[in-house]
1. Determine the pairs where a residue that is more than 11 Å from chain B (Cβ to nearest Cβ), located within the range A:274-288, has a partner that is among the aliphatic types (A, V, I, L, M) and part of a helix (DSSP H, G or I) with Cβ atoms under 7 Å apart, the partner being 6 or more residues away or on another chain.
2. Out of the residues in the range A:323-357 that are β-branched (Val, Ile, Thr) and in contact (Cβ under 8 Å) with a residue 60 or more places away in the chain, state the one that is surrounded by the fewest Cβ atoms within 10 Å (Cβ to Cβ).
3. From the residues in the range A:139-155 that are out of contact with any Phe, Trp or Tyr (no Cβ under 6 Å at 6 or more places or on another chain) and part of a loop (DSSP other than H, G, I, E, B), which one is surrounded by the most Cβ atoms within 10 Å (Cβ to Cβ)?
4. Cβ-Cβ distance below 9 Å, separation of 6 or more or different chains: which pairs start in the range B:134-158 with a residue that is within 10 Å of residue B:80 (Cβ to Cβ) and touching a residue at least 24 places away in the same chain (Cβ under 8 Å) and end on one that is assigned to a helix (DSSP H, G or I) and charged (D, E, K, R)?
5. Which of the residues belonging to the range A:291-324 are more than 9 Å from chain B (Cβ to nearest Cβ) and either within 20 Å of residue A:165 (Cα to Cα) or among the acidic types (Asp, Glu) (or both)?
6. If I ask for residues that are buried (at least 17 other Cβ atoms within 10 Å of the Cβ) and aromatic (Phe, Trp, Tyr), which ones from the range B:57-95 would you list?
7. Under the condition of being more than 13 Å from every other protein chain (Cβ to nearest Cβ) and either assigned to a loop (DSSP other than H, G, I, E, B) or touching a residue at least 60 places away in the same chain (Cβ under 8 Å) (or both), which residue from the range B:162-186 is surrounded by the most Cβ atoms within 10 Å (Cβ to Cβ)?
8. Failed condition for residue A:382, given (1) crowded, with 20+ Cβ neighbours inside 10 Å; (2) more than 13 Å from the chain's Cα centre (by Cα), with all others met?
Amino acid sequence: MKHNPFYDPSLSGRHRSARLFKWYTRASILMTLAFLAFFLFDMGRTAYPALWQTYVKVDVTYTEKSARLTQKAIDKKYRKIVSRAWLREIPKQLQHNPELMGTTVKQWVLADDQVDQYMKGHHNNLKQKQIRIIDELKQSGDIELDWNDVFFSKGDSKIPENAGVLSAVVGTVLTLLVTMFFAFPLGVMTAVYLEEFAKDNILTRFIEVNINNLAAIPSILFGLLGLAVFINLFGLPRSSPLVGGLTLALMTLPIIIVSSRAALRSVPDSIRQAGYGLGLTRVQIVQGHVLPIAMPGVLTGSIIGMAQAVGETAPLIIIGMIAFIPDAPGSVTEAATVLPAQIFTWAGMPERAYVEKTAAGIVVILSILLSLNAAAIYLRKKYEIKW
Amino acid sequence: MSMVVNNEKVIRFLLVTASVISIFTTIGILFSILFQAIEFFQLKSFWYFISGTEWSPGHENSRFGALPIFAGTFMITAIALLVAIPAGVGSAIYMSEYASRRGRNILKPILEILAGIPTVVYGFFAALTVAPAIVNLCDIFSINAAYNSALACGVVMGVMIIPVISSLSDDVLRAVPSSQRNASLALGMTHSETIRHIVVPSAMPGIISAALLGLSKAIGETMIVVMAAGLRPNLSWNPLEDMTTVTVRIVDSLVGDHAFDSPDTLSAFALGLVLFTLTLLLNMFSLVQIRKFKARYKINTL
């Protein structure tokens, strides 16, 4: 080595520092990926128990008395084990099936959340006596974990075992419908104007700067706008999907505009020139040719904007969409809650049983986002035109 | 023929109207915040708001000194950037300089999943997993840490803005002309020396722009801090204590049952005005930086 005229004694050090630097960049990306993996694993692990729910098989006595004092329907021994929410439904059940009156039926019944937590091996505050009863039931096979359809078929509840995501999902769908009803036409029209019609003047440039800024304003400030303008000025109903949807529409607008403009720009000029050559007006060209060709791109952008609106929480909290909503809303002016707001409310509940519900709600929202994004990618791949 | 011309005019009018709505939105936000904020400053002193250290809403002689709130925001944002800038820029360098084309096409969308996760989910993760982990870790060294420490929020928020920084930085690094890399390699510099001394300095305006965008996102972030940070305004340098931020106070004062014109509610708009001004300035500055980069290398694709 010593005889090599190009030998540079600092070279090995330089190579070492080069390796170190590469190692650092690789480590930083691996750390990020590891965080993502751990995060998804942690959510899945926390959410999994929420898919299951404990049911017990007990004698239920349907009498006049138990219709009034629903606790009396169950043998005293098992009263603490059965869900209060289930007992509350007894009068309704009797109304639907009057022939039950005066009978005693051995049936599977929703269990209390503490029992449920015990069955899942989580922390609970059951007394020794109750644990003994549960163990007895376990031996006779009269208590078991079963698929939790309550979670997907019921709305919010203050009783953990009776709480579900249905009302929040319906609220999210209604809110998104309002959002798209306003944001999609407005966004596409703005994009068409800016890309196909506008001359490069002060107004156009001002609009462009504005759209850029709008995209970077913190979402919570849109909530302040919704509160001050839609609710206080226009007097629209608080907590309603109408106000929530309008607020989210303003936030989604820049995303739709930017992606629609990109889609319009990718339509080659020859299409427009051909139209002019045939004597079409500018509006006719855009309506009949440019916009239809750009549509897949426009839709892809809109779906991505929608995915962002699904997860938005802060502005909706400001306009009051965190109310306690046990039943699914029927119209856009009724009080409603949305999935991320439901997650927020459950995360603040003191009962341990809500932790798994929160995580399960998160898994639901992440799957919605995943399918929306998958739809966007599918659309893009299927209708992508190479010019 | 005149039908077509009329039709044409109507459509043009509709299109212009639609585009002007974006301006109305910005003006709407600005004014709805500004008017309420002015109302607030008529009730309470502006000077005390920006320099006072006591924030005690909810009673007759309530005082609104927002300094501890700004300090909390600053602390959590600083922690977030300490996590996000090294990780984000490192990831961007790996993707643009070391990874194969295929690797980059896989890595970039995966990183962007992090940006797509709703912030309420990060908040839950910070409160349920990260904060207790930090408390347990500190227990080993017998240090006291709060369950709603600034550190927990800051770290999770940092992870959230990694893709913001890495995505734009990656685009910028790739836009640096390869002639520069080749010249440096031809002069005998190692690959990493080329990156550190040639590519990164060239891309610096773009990287700064990305970091500023991340900063503005961290300042405006709400759900993580609402769920995992404290409510108590706390002027302290210790990241293991609980702190509150501008966004937390806005949410807290608007969710309660106060009258709309009480100073408690109006204080949210004063804080909102600060937030609006700050993020707008950061955003403008970030745009200026990226324009500088584009002008230097005559790039139009960013």
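Here, each number is a calculation from the coordinates, and none is a lab measurement. Because the structure is a prediction, the values reported are computed rather than measured. In this analysis, Cβ positions are derived from the backbone assuming ideal geometry, glycine residues included, and neighbour counts consider all displayed protein chains.
1. Matching pairs, first to second residue: A:275/A:285.
2. In this case the residue turns out to be A:333.
3. A:155
4. Listed by first residue and then by second, the contacts come to B:157/B:217.
5. Hits for the range A:291-324 are A:306, A:309, A:316, A:321, A:323, A:324.
6. Hits for the range B:57-95 are B:64, B:70, B:94.
7. B:172
8. Going through the list (1) crowded, with 20+ Cβ neighbours inside 10 Å; (2) more than 13 Å from the chain's Cα centre (by Cα), residue A:382 breaks only (1).
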